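In what follows, a single structure is set out as structure tokens and then discussed.
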Amino acid sequence: MANVTFKGKPMTLIGEEVKVGDTAPDFTVLNQGLEPVTLADYDGKVKIISVIPSIDTGVCSQQTRKFNEDASGLENTAILTISVDLPFAQKKWCAAEGLPNVITLSDHRDLSFGEAYGVVMKELRLLARSVFVVDSNNKVVHAEYVGEGTNHPDYDTAIAKAKEAK
């Protein structure tokens, strides 16, 4: 498993680590309308899955904005931001930030995504900061588990991998 800390404290990650070349695990999360969403809802698209501990914090907010600004012009690409925040909080953040088209998905109900991708921080019941790029055939082409939860991911590499993906 990936070694992750949060504010310098080691975290225990629950679930299986996802690696480049793996078939992306399925999951069920909730959208802002409280409707279930699965990986299959984005079949045929390249997916940038941006995973954050909580939308309403500095680095998480910046990460969500950065991926949506830098990758929004990529053809046939869905940018998904997943956290355990309630869908209501995600919707409120999007409205306050003036980003109504950002796709935020909540894993608060049963940690389906977090466990499938090995990003649940047991001690906090939050998702560890990470980024996954999944091609249109649901193969993982990039996986980054950010070592320290308060640090930024490698945006440039993730976007480059999304551009290369088919």
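The values are calculated or read from the model by the stated rules, or taken from the named source; none is laboratory data. Given the structure is predicted, the values throughout are model-derived calculations rather than measurements. Note that each Cβ is placed from the backbone with ideal geometry, even for glycine, and that neighbours are counted across all protein chains shown. Surface areas here come from the heavy atoms of the whole protein model, side chains and all, with no ligands, DNA or RNA. Shrake-Rupley method; radii C 1.70, N 1.55, O 1.52, S 1.80 Å.
Here is a check on your reading of the model: is Glu35 at pLDDT below 95 and not aromatic (Phe, Trp, Tyr)?
The answer is no for Glu35.
Can you find even one residue in segment 12-27 that is free of Cβ contacts under 8 Å to residues at least 40 places away in the same chain and at negative phi?
no
Just to be sure before I move on: is Thr28 touching an Asp or Glu at 6+ places or on another chain (Cβ under 6 Å), of a type in the set (Ser, Thr, Tyr) and open to solvent by 10 Å² or more (accessible area, probe 1.4 Å) in the structure I sent?
Answer is no for this residue.
If you go through segment 64-90, how many residues are of a type in the set (D, E, K, R) and over 16 Å from the mean Cα position of the chain (by Cα)?
Residues meeting the conditions: 1.
If I go through segment 31-40 residue by residue, how many of them are aliphatic (A, V, I, L, M), surrounded by 14 or more Cβ atoms within 10 Å (Cβ to Cβ) and outside any strand (DSSP E or B)?
1
Might you let me know whether segment 41-52 holds any residue that is open to solvent by 70 Å² or more (accessible area, probe 1.4 Å), charged (D, E, K, R), assigned to a loop (DSSP other than H, G, I, E, B) and within 27 Å of Asp135 (Cβ to Cβ)?
Scanning segment 41-52, I find at least one residue that is open to solvent by 70 Å² or more (accessible area, probe 1.4 Å), charged (D, E, K, R), assigned to a loop (DSSP other than H, G, I, E, B) and within 27 Å of Asp135 (Cβ to Cβ), so the answer is yes.
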